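Trainee: Would you mind keeping the following structure in view while I ask a few things?
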Amino acid sequence: MEFIRTLREKNQTKKEEFVQKQSEEVITLSDFDSSLYIAYNGTPFVPIDENWTSKQIVEELTKLRRNYVNVKLKELC
């Protein structure tokens, strides 16, 4: 039983790593019409306020990627 549990945990970890990497590839920053956006697959979606700091931009990217990962992992289960 321990072997099966360990195997499942390893598979789950691999899935999480894959989906995390995927989130970093599909949710990116993009410029469009001289403005910066958070984009999904290159399509600009979330405009970035010009007053946001780098830290705020990274926090928003992290939040959106986390949501992406959570949704994808639920779909895979």
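Trainee: Does the range 1-17 hold any residues that are without any contact (Cβ under 8 Å) to a residue 12 or more places away in the chain and surrounded by 14 or more Cβ atoms within 10 Å (Cβ to Cβ), and which are they?
Mentor: Initial filter on the range 1-17 (without any contact (Cβ under 8 Å) to a residue 12 or more places away in the chain): 1-14, 17.
None; the set is empty.
Trainee: Among all residue pairs at least 6 apart or on different chains, which show Cβ distances below 8 Å where the first residue, located in the range 21-44, is in contact (Cβ under 8 Å) with a residue 24 or more places away in the chain and the second is of a type in the set (S, T, N, Q) and loosely packed, with under 11 Cβ neighbours inside 10 Å?
Mentor: Filtered contacts from the range 21-44: 26/41.
Trainee: For the range 51-77, name all the residues that are over 15 Å from the mean Cα position of the chain (by Cα) and touching a residue at least 12 places away in the same chain (Cβ under 8 Å).
Mentor: 76
Trainee: Sticking with this structure for a sec: Working carefully through the options 62, 28, find the one that is among the polar types (S, T, N, Q) and in a strand (DSSP E or B).
Mentor: Working: 62 fails: in a strand (DSSP E or B).
Being among the polar types (S, T, N, Q) and in a strand (DSSP E or B) holds for just one of 62, 28, which is 28.
Read-outs throughout are calculated quantities, based only on the coordinates presented, and are distinct from any laboratory measurement. Since we're looking at a predicted model, the values are computed, not measured. Here Cβ is always computed from backbone atoms with ideal geometry, including for glycine, and neighbour counts include all displayed protein chains.
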